[in-house]
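What follows is one structure encoded as structure tokens, with my remarks underneath.
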Amino acid sequence: MTEKQIQDVALVTGANRGIGLEVVRQLANKGITVILGARDISKGEAAAEILKEEGLEVLARQLDVTEQDSIDRLVVEIEQFKQLNILVNNAGILYDTWQQAIAPDFDIVYEALETNTFGAWRMCKAFIPLMQRSKHGRIVNVSSGAGSLTNMSGGTPAYSVSKVALNALTRMLADELRGTGILVNSVCPGWVATEMGGSGGRPVEDGAAGIVWAATLLADGPTGGFFRDGKPLPW
């Protein structure tokens, strides 16, 4: 990383494939310098190289949101930019369609919470101080309709509970950061054709667009909301 003047810096977690990679692409196409976080740095670098060949400014960095040491190392690197304007908590795992809440494997539930909820929470705790320096920040927690209590049904207990908790985190952070210039929102990308979502979903470009919308909101934009395609969803 260099000391050059940069207009905006974004960090996207779980970004070497699927929705995360497309979010990186769309943000970089807006002239934003994007840090592509990936657990496997070799996969992250391969993904970043594809985007660099498209003329985009993307930096791949190793990041495991379940490991505090990994997060701390990245904080030090990003501090060289002296700012972070956008944090997209995209890393997510375990759409456990084979489970029911009446008889779950709690190891799977804990694993989902560790990444989907606590991972995002760790990232917010680590990077909000850097966002506060610029008095301009956007945090997007990539959630799911499975995390809507209004429409809650049975099944996928680990994934659904982790996303409900993520939505609660969004509400709390938005309130605590009100007036600081940092907006915090949850976004459901919808059913998207990815490795996790499977075939049959809508194009990844469409799912990513709603996330990018929330990541680039103007100063008078909403905070503490739950959206899909820029439209409110019920909690």
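Descriptive notes on the structure:
- Of the residues making up the range 199-224, just one is among the β-branched types (Val, Ile, Thr) and in contact with a Pro (Cβ under 8 Å, 6 or more places away or on another chain), namely Ile211.
- Of all residue pairs spaced 6 or more apart or on separate chains, those with beta-carbon atoms under 8 Å, a first member in the range 184-202 that is surrounded by 14 or more Cβ atoms within 10 Å (Cβ to Cβ) and a second member that is charged (D, E, K, R) and at pLDDT below 90 are Gly190/Arg202; Trp191/Arg202; Val192/Arg202; Ala193/Arg202.
- Residue check: Asn16 meets all listed conditions (1) under 30 Å from Asp229 (Cβ atoms); (2) surrounded by fewer than 16 Cβ atoms within 10 Å (Cβ to Cβ); (3) among the polar types (S, T, N, Q); (4) in contact (Cβ under 8 Å) with a residue 40 or more places away in the chain but one, namely (2).
- Selection from the range 136-178 of residues that are modelled with pLDDT under 95 and within 25 Å of Asp220 (Cβ to Cβ): His136
- Per-region count, the range 26-44, residues outside any strand (DSSP E or B) and either hydrophobic (A, V, I, L, M, F, W, C) or buried (at least 23 other Cβ atoms within 10 Å of the Cβ) (or both): 5
- Residue check: Ala168 meets all listed conditions (1) part of a helix (DSSP H, G or I); (2) exposed (fewer than 14 other Cβ atoms within 10 Å of the Cβ); (3) without any contact (Cβ under 8 Å) to a residue 12 or more places away in the chain; (4) not β-branched (Val, Ile, Thr) but one, namely (2).
- Total residues in the range 4-43, condition of a type in the set (A, V, I, L, M) and modelled with pLDDT under 95: 1
- Just so you know, in the range 158-192 the residues that are small (Gly, Ala, Ser) and closer than 24 Å to Val204 by Cβ include one that is farthest from the chain's Cα centre (by Cα), and it is Ala158.
The values are calculated or read from the model by the stated rules, or taken from the named source; none is laboratory data. Bear in mind the structure is a predicted one, so any value in this text is a computation, not a measurement. Quick reminder, even Gly has a Cβ in these numbers, built from the backbone with ideal geometry, and neighbours come from all protein chains shown.
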